[in-house]
Amino acid sequence: MIKEKTRCAAISLPDSGVLFNGGSGSNELPPLSTELLTRWSGKGGGGGKKWQWLPYTPMNNQHSSHPLAVYFRGRVYIVGYGEHVDTMEMLDVAAAGQWTSLNFFRQRLSVKSMARVGNELFVHC
């Protein structure tokens, strides 16, 4: 990893790699940084390495240890486990854009899990 972190989310992005975000940084605070683990674009990557870490668009908000994240319809959604929130963040991967805060909860909720099933995204509070 470019910046050390633990208890972070790891999201598989089709045809891209694995996106890592949230968790706890080396200073025990939740980092805003997001990093992509992807295959080297050239043949082999010197010394037998086949993977590389690349910086990715940082998040707008910190998400505590054990963040919940899911890839759904070309976008990544993330929220901190057990955080009392009325928003979550979303990243349009295809557009390689900025993280966007989605305000869709009527009241602050403690999110316990998220899952994608077919064409539906489920959020358990």
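When you look at MET59, is it crowded, with 20+ Cβ neighbours inside 10 Å, assigned to a loop (DSSP other than H, G, I, E, B) and in contact (Cβ under 8 Å) with a residue 12 or more places away in the chain, yes or no? Yes; evaluated as a whole, the condition is true for this residue.
Just the residues that are surrounded by 16 or more Cβ atoms within 10 Å (Cβ to Cβ), in contact with a Lys or Arg (Cβ under 9 Å, 6 or more places away or on another chain) and modelled with pLDDT under 85, please, taken from the range 68-82. Result: TYR81, single match. Scanning the range 89-125 for residues that are surrounded by 14 or more Cβ atoms within 10 Å (Cβ to Cβ), touching a His at 6+ places or on another chain (Cβ under 9 Å), of a type outside the set (Asp, Glu) and under 16 Å from PHE72 (Cβ atoms) turns up VAL111, MET114.
The residue pairs whose first member lies in the range 69-87 and is in a strand (DSSP E or B), whose second member is aromatic (Phe, Trp, Tyr) and modelled with pLDDT of 80 or more, and whose beta carbons are closer than 8 Å, counting only pairs six or more residues apart or on different chains, are ALA69/TYR77; VAL70/TYR77.
Among residues of the range 2-45 being among the acidic types (Asp, Glu) and on the phi > 0 side of the Ramachandran plot, the one that is modelled with the highest pLDDT is ASP15. The listed residues are GLU35, GLU28, and the only one of them that is more than 21 Å from GLU120 (Cβ to Cβ), among the charged types (D, E, K, R) and in contact (Cβ under 8 Å) with a residue 24 or more places away in the chain turns out to be GLU35.
The values are calculated or read from the model by the stated rules, or taken from the named source; none is laboratory data. Quick caveat: nothing in here was measured; it's all calculated off a predicted structure. Here Cβ is always computed from backbone atoms with ideal geometry, including for glycine, and neighbour counts include all displayed protein chains.
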